[in-house]
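Okay, so here's the structure we're looking at.
The values are calculated or read from the model by the stated rules, or taken from the named source; none is laboratory data. Just so it is clear, the model here is predicted, and its values are computed rather than measured. Note: ideal-geometry Cβ built from the backbone for every residue, glycine included; neighbour counts use all protein chains shown.
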Amino acid sequence: MIPGFSSDFMTKGNEQESMGRLKKLMTIMDSMNDQELDHREGAKLFSRQTGRVTRVARGAGVTSREVQELLAQYTKFAAMVKKMGGIKGLFKGGDMAKNVNQAQMNKLNQQMAKMMDPRVLHQMGGFSGLQNMMRQLQGAASGNVNNLMNMGK
């Protein structure tokens, strides 16, 4: 589960459906150019120039609505990360374990749990599921991308 994304993104149901949704999101992002992906203001770029949404939708083979939904989810996620503030240097240097002690990690997990929709937290397996996700993200940040790829398994 990705914080900030809708609660039906990764459902208990069919894993293939969840992977299909993830692939669709990746296809949409692949249809964006480097400026759109790397721009400081992210989704605001699309709201100022609405033709971008149409172009990305055509390139990805999806509707404009699906692109707008992805942008809305991104905006929610960005707001949550900004709110947390404490993760600014979290991935600095590529190894979260060197930058964050266990107490800080627990505090971060608690902050994330408070900001999440309770239904999403429940779908993740509760607080322990959130902690597991953070450990996997830590592994990905330190170069072990396999941990991230196996997150849904």
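Out of all the residues in the range 32-47, which are assigned to a loop (DSSP other than H, G, I, E, B) and over 19 Å from residue 77 (Cβ atoms)?
Start the filter on the range 32-47 by keeping residues that are assigned to a loop (DSSP other than H, G, I, E, B), which leaves 32-33, 39-42.
Scanning the range 32-47 gives a single hit, 33.
Would it be correct to say that residue 73 is surrounded by 12 or more Cβ atoms within 10 Å (Cβ to Cβ) and modelled with pLDDT of 75 or more?
For residue 73, the condition - surrounded by 12 or more Cβ atoms within 10 Å (Cβ to Cβ) and modelled with pLDDT of 75 or more - is met.
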